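Chemist: Structure below; questions to follow.
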Amino acid sequence: MKYFLLFGMMLSTLLSAELSPRSIIQAGGNVQQIALVDGKIIAGTSVGTLEMYKLSDATKLSKIEFPNIKDFTGDEVAPKIFSVDMIDNTLLAVVQASSGARELYLVEEGKPKVLIDAHANLFISKAKFVDKNHILVALLSNELLLWDVKNKKEIYRIQPNPSHFSDFALNENRTMVASSCESGEITLFEALSGKIIKVLKGGNVDNVYKVDFKKDVVLCAGQDRRGIVYNVQNGSYERFDGSFLIYAGALSPSLKWGAFAFNEQNDIVLFDLVTKNKAHTLKGQRSTLNTIVFASEKELVSSSDDQFIMIWRLP
């Protein structure tokens, strides 16, 4: 019996061991945000580059450089790339423009094309493809609009909450959106119509920095040091308390794992969402985490406010 007990203890220790990254990518500048699409990591940086890497071996596939802009003092600086996405090999980027403005770009065959320019006076925070011809655009004012690429016009605009915008996530088939803000509430709405379906609340009492949305589950990473996982159907939630502000989080594809940036050391902690137990601690990210995304149940990618993107493999 004692051998079975010893084996169980050794297995538990192995499965909950501290893990180091499988690969580390050094981008051209501080990473603002990453996306993971079709086995490719897309990164927007603080030095005006949109970079793409192969997930399997971390090799660089491409780099697009946006021209310098003029800041408020008139000096030339590289633009920050605030948001990135891709569909059918077409890239999408929210790019800093002169004097604090922002622009929305499509990049096809390596050639950037402006969709929404600085003269529109839209302070865009984030943009994602709903489909090839529709883009969901979030403004700092917490207005979300659907942009028709072909007809170059706005289809709808809603303000889910009067509080300052934080983040949004589309579900896997891009039909529904979960949007977060400083109030701590999560608004669910239809991507193509803008119709608000439900508001999730009670889990967070302050700003929700990041959200993830898979199946009928929404994960929230909160300024209140709470990692919240909501059941969309009934509004119930599980709470995971961190020791520091939780800047990022993600759900694995099958909802086995919930990952949170969990402490001041920038560790990523993985929880088993069935047992609610801590399963793995991922150590190595050197600055404040800004994005965590799962590639599969065994692999995930993270980035922080520095040049390093890390690829992790679970045992």
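Every number here is computed from the coordinates shown, using simple stated rules; none is lab data. Fair warning: this is a prediction, and the values are worked out from it, not measured in the lab. When we count neighbours, we look across all protein chains shown, and the Cβ atoms used for this are built from the backbone with ideal geometry, even at glycine.
Chemist: For segment 76-91: of the residues being under 19 Å from the mean Cα position of the chain (by Cα) and among the hydrophobic types (A, V, I, L, M, F, W, C), which is surrounded by the most Cβ atoms within 10 Å (Cβ to Cβ)?
Modeler: The selected residue is 84.
Chemist: Taking the criterion of being touching a residue at least 60 places away in the same chain (Cβ under 8 Å) and either under 27 Å from residue 303 (Cβ atoms) or buried (at least 21 other Cβ atoms within 10 Å of the Cβ) (or both), would at least one residue in segment 176-192 satisfy it?
Modeler: Yes.
Chemist: Follow-up. So which residues in segment 49-87 are without any contact (Cβ under 8 Å) to a residue 40 or more places away in the chain, in contact with a strand residue (DSSP E or B) (Cβ under 6 Å, 6 or more places away or on another chain) and either of a type outside the set (D, E, K, R) or part of a loop (DSSP other than H, G, I, E, B) (or both)?
Modeler: 49, 52, 61, 68, 71, 79, listed by residue number.
Chemist: Can you tell which of 168, 123 is in contact (Cβ under 8 Å) with a residue 24 or more places away in the chain and of a type outside the set (A, V, I, L, M)? Full working, then the answer.
Modeler: Numbers: 123 fails: in contact (Cβ under 8 Å) with a residue 24 or more places away in the chain.
One residue alone meets the criteria, 168.
Chemist: Here is a follow-up. Can you pull out the residues in segment 61-75 that are surrounded by 13 or more Cβ atoms within 10 Å (Cβ to Cβ) and closer than 26 Å to residue 132 by Cβ?
Modeler: 62, 63, 64, 65, 66
Chemist: Additional query: Could you say whether any residue in segment 211-221 is outside any loop (DSSP other than H, G, I, E, B), surrounded by fewer than 24 Cβ atoms within 10 Å (Cβ to Cβ) and in contact with a Gly (Cβ under 6 Å, 6 or more places away or on another chain)?
Modeler: There is no residue in segment 211-221 that is outside any loop (DSSP other than H, G, I, E, B), surrounded by fewer than 24 Cβ atoms within 10 Å (Cβ to Cβ) and in contact with a Gly (Cβ under 6 Å, 6 or more places away or on another chain).
Chemist: Where residues in segment 44-71 are hydrophobic (A, V, I, L, M, F, W, C) and over 16 Å from residue 92 (Cα atoms), which of them is nearest to the chain's Cα centre (by Cα)?
Modeler: Applying the filter and picking the extreme gives 55.
Chemist: Filter segment 236-260 down to residues that are closer than 19 Å to residue 302 by Cβ and in a strand (DSSP E or B) and give me whichever is farthest from the chain's Cα centre (by Cα).
Modeler: 240
Chemist: Also: So which of 233, 265 ends up being free of Cβ contacts under 8 Å to residues at least 40 places away in the same chain, more than 19 Å from the chain's Cα centre (by Cα) and under 24 Å from residue 43 (Cα atoms)?
Modeler: 265 is the lone residue from the list that is free of Cβ contacts under 8 Å to residues at least 40 places away in the same chain, more than 19 Å from the chain's Cα centre (by Cα) and under 24 Å from residue 43 (Cα atoms).
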